[in-house]
Amino acid sequence: MNNIKAKKKFGQNFLKDESVLIKIIQSMPHNNNHIVEIGPGLGDLTKKLVKCKDVTAYEVDRDLYSILQTEFSDELKSNKLKIILGDVLEKWNENSSLYNSRYDLIANLPYYIATNIILNSFNDNNCENIIVMIQKEVADKFTAQCGDKEYSSLSVITQLISKQARTLIVVPPISFDPPPKVDSSVIYIQKDMDKELDFDFNKFLKVCFSQPRKKLSKNLSTAYNKAMINSIFDELNIKESARPHEVDASLYSHIYTKVKQNGRNESYTND
Ligand code: SAM
């Protein structure tokens, strides 16, 4: 493995299973989008990606960055590949997008920041398709349906922002070097480019799922006026006893809109 010792602090688990790499490539949508890869590592996936399309890759580890410079000198010269050294989350803070036109994010992500990366890509207006390997437990939250026990705020956000979200393949630890402690999944999310999420919606969902086993109305009344919540539930025909995982994504969107409207309505004062 190139005599490189994987760095835990950067979430380095290098994917060595050729069949998984091929599955990722075969799942890529046929379009003219650019590709952004986060964490090219030793370049096993990058090698296959640059054969298909032009790629911009973000890598935080200086040692890997130098290896990649040598490994991909031809592709770098011909501008098929651009590698940017640095923390991708900082790059996202500096610019609203990781690339200046439509792109698909294809990557085996560092798990310690995988959720943040996916949420950032939801807010990045140039990102259209997301095919990423992440920890299976987190993947299940992104792809869960209403009623599933994994259904969470991440599932609601994903359903509202996407046309489809599904698991492509579950990958065991043995497919990596070094093997992670947990199973992994490759998920595919196709965003609906006509949709955007309100910045405060995320905060609202945190309240909704703050105590997942309690009633949704109870969670909501910790932050909002109880009479207002009861009235919204009546209007939307939601049972007072409904638990957070029993309410579908579009209803969450309706509740949120009404909470925002009624928040400005003086007939509801805070308790
Ligand atoms: N793509 C390679 C593969 O499939 O074998 C490596 C994947 S490894 C799970 C995660 C990669 O993300 C590592 O190369 C790591 O150095 C890089 N990484 C970790 N944190 C990062 C960050 N904040 N910004 C950019 N890259 C990061």
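Check K9, K53, K48 and return the single one that is free of Cβ contacts under 8 Å to residues at least 40 places away in the same chain, in contact with a helix residue (DSSP H, G or I) (Cβ under 9 Å, 6 or more places away or on another chain) and under 14 Å from K80 (Cα atoms).
On the way: K9 fails: under 14 Å from K80 (Cα atoms); K53 fails: in contact with a helix residue (DSSP H, G or I) (Cβ under 9 Å, 6 or more places away or on another chain).
Unique residue meeting the criteria: K48.
Taking the condition of being in contact (Cβ under 8 Å) with a residue 40 or more places away in the chain and either over 20 Å from the mean Cα position of the chain (by Cα) or open to solvent by 60 Å² or more (accessible area, probe 1.4 Å) (or both), how many residues in segment 15-31 meet it? Can you show your working first?
If we filter segment 15-31 for residues that are in contact (Cβ under 8 Å) with a residue 40 or more places away in the chain, which is where we start, we get 15-17, 20, 23-24, 27-29, 31.
Narrowing the set further to residues that are either over 20 Å from the mean Cα position of the chain (by Cα) or open to solvent by 60 Å² or more (accessible area, probe 1.4 Å) (or both) leaves 16-17, 23, 31.
The total comes to 4.
Being in a helix (DSSP H, G or I), surrounded by 18 or more Cβ atoms within 10 Å (Cβ to Cβ) and of a type in the set (V, I, T) is the filter; apply it to segment 240-263 and report the residue that is nearest to the chain's Cα centre (by Cα).
It comes out as I255.
Within segment 156-193, work out how many residues are open to solvent by 70 Å² or more (accessible area, probe 1.4 Å) and outside any loop (DSSP other than H, G, I, E, B).
Adding up the residues that qualify gives 4.
When only residues in segment 41-62 that are more than 9 Å from the ligand (Cβ to nearest atom) and open to solvent by 40 Å² or more (accessible area, probe 1.4 Å) count, which is nearest to C127 (Cα to Cα)?
Residues of segment 41-62 that are more than 9 Å from the ligand (Cβ to nearest atom), as a first pass: 47-56, 62.
Cutting the leftovers down to open to solvent by 40 Å² or more (accessible area, probe 1.4 Å) gives us 47-48, 51-52, 54, 62.
Values: K47: 21, K48: 20, K51: 21, C52: 18, D54: 15, R62: 26 Å.
Among residues in segment 41-62 that are more than 9 Å from the ligand (Cβ to nearest atom) and open to solvent by 40 Å² or more (accessible area, probe 1.4 Å), the one nearest to C127 (Cα to Cα) is D54.
The rows are residues; the columns are (1) over 14 Å from the mean Cα position of the chain (by Cα); (2) touching a residue at least 40 places away in the same chain (Cβ under 8 Å); (3) not assigned by TED's automatic domain parsing to the domain that holds Y112.
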site	(1), (2), (3)
E150	yes, no, no
Q164	no, no, no
L168	yes, yes, no
P173	yes, no, no
F176	yes, yes, no
P180	yes, yes, no
Q211	yes, no, yes
K214	yes, no, yes
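Can you confirm whether segment 133-144 contains a residue that is within 16 Å of the ligand (Cβ to nearest atom), touching a residue at least 60 places away in the same chain (Cβ under 8 Å) and buried (at least 18 other Cβ atoms within 10 Å of the Cβ)? Give the derivation first.
Taking segment 133-144 first, the residues within 16 Å of the ligand (Cβ to nearest atom) are 133-139.
Next, only the ones that are touching a residue at least 60 places away in the same chain (Cβ under 8 Å) stay: 133.
Within this subset, residues satisfying the condition of being buried (at least 18 other Cβ atoms within 10 Å of the Cβ) are 133.
There is at least one residue in segment 133-144 that is within 16 Å of the ligand (Cβ to nearest atom), touching a residue at least 60 places away in the same chain (Cβ under 8 Å) and buried (at least 18 other Cβ atoms within 10 Å of the Cβ).
Just checking, does segment 69-80 include any residue being within 10 Å of the ligand (Cβ to nearest atom) and either touching a Gly at 6+ places or on another chain (Cβ under 9 Å) or under 22 Å from M133 (Cβ atoms) (or both)?
To start, the set of residues in segment 69-80 that are within 10 Å of the ligand (Cβ to nearest atom) comprises none.
Within segment 69-80, not a single residue is within 10 Å of the ligand (Cβ to nearest atom) and either touching a Gly at 6+ places or on another chain (Cβ under 9 Å) or under 22 Å from M133 (Cβ atoms) (or both).
Of Y111, Y103, which residue is at pLDDT 95 or above and either more than 9 Å from the ligand (Cβ to nearest atom) or not assigned by TED's automatic domain parsing to the domain that holds D140 (or both)? Reasoning before the result, please.
Details: Y111 fails: either more than 9 Å from the ligand (Cβ to nearest atom) or not assigned by TED's automatic domain parsing to the domain that holds D140 (or both).
Just a single option satisfies the conditions, and that option is Y103.
Residue by residue through segment 194-229, note down the ones that are in a helix (DSSP H, G or I), of a type in the set (A, V, I, L, M) and under 19 Å from K141 (Cβ atoms).
L205, V207, L216
Considering only residues that are touching an Asp or Glu at 6+ places or on another chain (Cβ under 6 Å) and open to solvent by 50 Å² or more (accessible area, probe 1.4 Å), which ones fall in segment 63-84?
Matches in segment 63-84: Y65, K80.
The values are calculated or read from the model by the stated rules, or taken from the named source; none is laboratory data. Because the structure is a prediction, the values reported are computed rather than measured. As a convention, Cβ positions derive from the backbone with ideal geometry for all residues, glycine included, and neighbour counts pool all protein chains shown. Ligands, DNA and RNA are excluded from the accessible area calculation, which covers all protein heavy atoms including side chains. Shrake-Rupley method; radii C 1.70, N 1.55, O 1.52, S 1.80 Å.
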